[in-house]
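Engineer: Got a structure here, written out as C-alpha cells. Questions coming.
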Amino acid sequence: MVVQRRSQVDNIPAYSRSDVENLIASNNEPTWLKDRRLAAWDLYENTPMPRLEEEWRRTDYSHIHWTDASTVVTPNGAVVADVPQKNLEPLIGDRQGGLLVFVDGKLVHNEVADELTSQGIIFKDLRAAVKENEDIVKQYLMTQAVKPEDGKFASLNAALWDHGILIYFPKGVVAELPIHAVMYNKQSGGHLAHVLVVVEENAQATVQVDYASAEGPTHSSYVGATELIVGDAANLRYVALQEWNRETYEFSHQRALVGASANLDWVIGNMGTRLTKAFIEVDIVGTGANARVSGFFFADKNQFFDLDTQQNHNAPLTTSDLLFKGAAKDQARTLWQGMIKSLPKMQKIDGYQVCRNLVLSRDARMDSIPGLEIEADDVACSHAATFGTLEEELIFYLMARGIPRPQAQLMVIDGFFDELLQRIPFERVRQRLQAEIEAKILG
Amino acid sequence: MAVELQIRNLHAHVEGDEQPILRGVNLTIRQGEIHALMGPNGSGKSTLANVLMGNPTYEVTEGQVLFGEHDLLEMEADERSRAGLFLAFQYPVSIPGVTLANFLRHAINARLKDEDPDSKGMPIPQFTRLLREKMNLLGIDHSFAGRYLNEGFSGGEKKRAEVLQMATLEPKIAVLDETDSGLDIDALRIVAEGVNKLTGPDMGALVITHYQRMLNYIKPDYVHVMFAGQIVESGGPELALQLEENGYDWIREKYAVAQS
Ligand SMILES: Nc1ncnc2c1ncn2[C@@H]1O[C@H](COP(=O)(O)OP(=O)(O)OP(=O)(O)O)[C@@H](O)[C@H]1O
Ligand SMILES: [Mg+2]
C-alpha cells in the first residue's frame, strides 16, 4: 500500500458538489446538461489525483496551492479595457470576422460581423449557445472529442466549466475573415473554460484564441478543454496562444477530430504559466484526412511545461505532421511526449513527429520522448527529437558582419522559431510573438 | 590616408589545445593593395583569417595586430567588422530562419548605429535597391534575398553570397579565404570581376588561394607563402607562377629543418 503524506492528501482542488449545483442553478441549465455535469462530478470525485501514471510521473505539480487556485472566480467590474491592446488588435488589417473577449469568464465584448451571421456562422458565449443553439451543443459538447473520462481534469472541466465559446460553421460555409477570441483573467483563482469548434462538411474556418492573464498575487489554475471537430472535406486553421501569468497552473485537454478528406492546421503556442500539463491530441477519423500540428514553447525562470501529443490514425490514407519547437532558459524545464498510433489494418498512413529543443542555459533541462504504436504495415511514420544549444559558430558569423553579440543571439533564436512562426497565418500575430520571444531572451 | 593592417609576430592556437598553429606571422596590408596568400593544406591560412576576424575558437598567445589606429586583438568580432575588416569564409555556416536580406540589413544598420546612436536604420526601399544592385553585380538571383542564409546553398552559391556581403558592407580590408574554390569557370570570372570592382584605392585584400587561375583575374601586388604557421616567402606575382609549376616541395625542403 502506498502511504501518502498528509499534505498530498489534503492538497486537492477545493471544489464541491454544491459548486456544480450552484452553477447549474444560476445558469438555469437544461436537464441534459445538469445530468452531464453531475455525472462528470461523480467521475471526478471517484478519480484519484494523477501522480504516478506514465504520462504524469515526470510532472510534479504538488507545489500548487489549491486553496487559492480553486477559488471560484466571480467577475467583478470586468471591462474590455482591462485587456492589453496587443490581444485586441485585429488579426489582419483592420478587419476581423468577429471578436469575443472574456474577462474572468464574463463576456465583455461581443462583436460578430454581419456577413458571418448571415452565413449562419455561430460565434458566441457557450452559455448563451446552450440556450440558443441547444441541439448543436448537446450533440457535440464532450461527446466526441474531449470526454469527461479522459482524465481527472477533463471530468473537472466537464462538471464545472463556467464560460466558453461555441464556434459553428454550417455545411459548405466559407468565411473569408478570421474569428478571434480572447480569454483574459484579471483575478486569481480557478478558471475553467471550454472551447467548442465545429466546422461542418465542406466549410472553411480560421480561428485564433488568445489566453492571457494579469499578474496575480496568488496561484491560479486553468482547467481547460478545447474541442475541434472538423467535418468531411472541411478545413480548419486554428491558432491558440497561451500567455497565462506565472502563478497559473494549466491542466488542459485539447483534442481535434478530423473527418474524411478534411484538413486541420493547428498552431499552439505556450509562453506562460508556472506549470503546464497539456494533452494535445488529433484523432484522424476519416479517409484521406490531413492534420498538421505545430507547437512552440519557450520556458524560462522556474517554468515547467509538459506537453503530451498524440496523433491517432483511425482511418486509411491519412497524414499527420507534427512539429514542436521549444527553448528553455534559466532553470526552466520542458517535456514533450509524443505518440503516433494507428488502428490495425490502416493502409497508407503517413505520420510524422518531431520536437526540436534549444537549450539556452546550463541549468535548463529539456526532455523529449517520441513514440510510435503502429499496427498497420503500409505506413511511413517517423519520429525524432533534437537538442541543440546556441552555437558559437553561428553567433561568430553574424558578429563577423558587424552585428553585436546580443543581437546576434536574438537573430539565431528568432531564426530557430521562424519556421514555426511562419505557420501562423497572421503577420501581426507573428510580430507580437517575436517580441514576446525576444522579451524572454532578454529578460 | 590609407588604412594599414599590421600583423606582428602573431602566435595562436586552438583554445584548450597547446599545439601552436600560427608561429610568428608578420604581414602588412594597406588599403589599395592586393596580397595573395598561398601555402599547403593545414599550414594555418584559415586560422590566420579567423584570428584576424576574432573567432573565439582561437587564442592569441603572442604578437600584435594593428588596424589603422585600432588594437585589433582588443576588439570583439563585431567591432572589427564595423571598423572595416571583412572575412569571406572558406566554409560559411548556414543560419536557419534568418534570411540573407534581413541579416544584411541588420549588418548595415549596426554600422549606421555606430555613426549615430539614434539611427533608425536604412529605410527598407533604399536597402532593397542597394541589395539588388549588388546582386546584379555578382550575378545572383534576387530570390536569394529571401532565402535563409546559406541554407541549402550550393558550394558556389555560398561563395557568391560571401562576396555579395563584402560588396554590400564595403570593407577597407577584406580577407577572402578560398573564395575561388567551388566556383565553376563562369562563376569564378563573375566573382573575380566583382572583387576587382571593389578593390582599388578604397579596399585592400588578402586573397587566400591554392590556384593561379584566381590570380589571373585578381592581379596581386604581393604573393606570400605560408608554411607551418609562418610566412616563409614573399614576392611578386611571379612567385605564384613558380608555385603553380613546382608545388611546395622546395618550400618543405627549405623550411622543414627550421620547423623541427
Ligand atoms: N578549430 C580547430 N580545431 C582543431 N584544429 C584546428 C582548428 N582550426 C585549425 N586547426 C588545425 O590547424 C592547422 C591549420 O589549419 P587551417 O585551417 O588554418 O589550415 P589552412 O592553411 O587554411 O588549410 P587549407 O588549405 O586546407 O584550407 C591544421 O592542422 C588544422 O587541423
Ligand atoms: Mg583554409
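Engineer: Out of all the residues in the stretch B:170-186, which are surrounded by fewer than 20 Cβ atoms within 10 Å (Cβ to Cβ) and touching a residue at least 24 places away in the same chain (Cβ under 8 Å)?
Structural biologist: B:170, B:181, B:182, B:184
Engineer: Tell me, yes or no, whether the stretch B:92-103 has at least one residue that is within 16 Å of ligand 1 (Cβ to nearest atom), at pLDDT 95 or above and under 20 Å from residue B:174 (Cβ atoms).
Structural biologist: Yes - at least one qualifying residue is present in the stretch B:92-103.
Engineer: Assuming residue A:402 fulfils every condition listed in (1) within 12 Å of chain B (Cβ to nearest Cβ); (2) more than 21 Å from the chain's Cα centre (by Cα); (3) surrounded by fewer than 16 Cβ atoms within 10 Å (Cβ to Cβ) apart from one, which condition is it?
Structural biologist: All conditions are met except number (3).
Engineer: Could I ask something else about it? Residue check: is residue A:37 closer than 24 Å to residue A:279 by Cα, free of Cβ contacts under 8 Å to residues at least 60 places away in the same chain and either outside the structural domain of residue A:309 (by TED's automatic domain parsing) or surrounded by fewer than 15 Cβ atoms within 10 Å (Cβ to Cβ) (or both)?
Structural biologist: Here the answer is no, as residue A:37 does not meet what is asked.
Engineer: What number of residues in the stretch B:51-101 are assigned to a strand (DSSP E or B) and free of Cβ contacts under 8 Å to residues at least 12 places away in the same chain?
Structural biologist: Count: 1.
Engineer: In addition: Quick check, is residue A:414 at the interface with chain B (Cβ under 7 Å from one of its Cβ atoms), in a helix (DSSP H, G or I) and touching a Ser or Thr at 6+ places or on another chain (Cβ under 9 Å)?
Structural biologist: no
Engineer: Another one. Take the conditions closer than 21 Å to residue B:205 by Cβ, more than 10 Å from chain A (Cβ to nearest Cβ), buried (at least 22 other Cβ atoms within 10 Å of the Cβ) and in contact with a helix residue (DSSP H, G or I) (Cβ under 7 Å, 6 or more places away or on another chain) and apply them to residue B:67. Does it pass?
Structural biologist: In short, yes.
Engineer: Can you report the number of residues in the stretch A:149-167 which are out of contact with any Phe, Trp or Tyr (no Cβ under 8 Å at 6 or more places or on another chain), not hydrophobic (A, V, I, L, M, F, W, C) and not in a helix (DSSP H, G or I)?
Structural biologist: The number of residues fulfilling the criteria is 2.
Engineer: Here is a follow-up. Among B:217, B:211, which is within 16 Å of ligand 2 (Cβ to nearest atom) and either surrounded by fewer than 22 Cβ atoms within 10 Å (Cβ to Cβ) or within 14 Å of another protein chain (Cβ to nearest Cβ) (or both)?
Structural biologist: Criteria check complete, one pass: B:211.
Per-residue answers, yes or no, for (1) crowded, with 19+ Cβ neighbours inside 10 Å; (2) of a type in the set (Gly, Ala, Ser); (3) in contact with a helix residue (DSSP H, G or I) (Cβ under 7 Å, 6 or more places away or on another chain):
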residue	(1), (2), (3)
A:304	yes, no, no
A:309	yes, no, no
A:315	yes, yes, no
A:320	yes, yes, no
A:324	yes, no, no
A:340	yes, no, no
A:346	yes, no, no
A:350	no, no, no
A:354	no, no, no
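Engineer: On the given criteria, is residue B:28 in contact with a Leu (Cβ under 9 Å, 6 or more places away or on another chain), away from ligand 1 (no atom under 11 Å from the Cβ), hydroxyl-bearing (Ser, Thr, Tyr) and at pLDDT 95 or above?
Structural biologist: yes
The values are calculated or read from the model by the stated rules, or taken from the named source; none is laboratory data. As the structure is a prediction and not an experimental result, all values here were calculated from the model. Cβ sites come from the backbone with ideal geometry, for glycine too, and all protein chains shown count toward neighbours.
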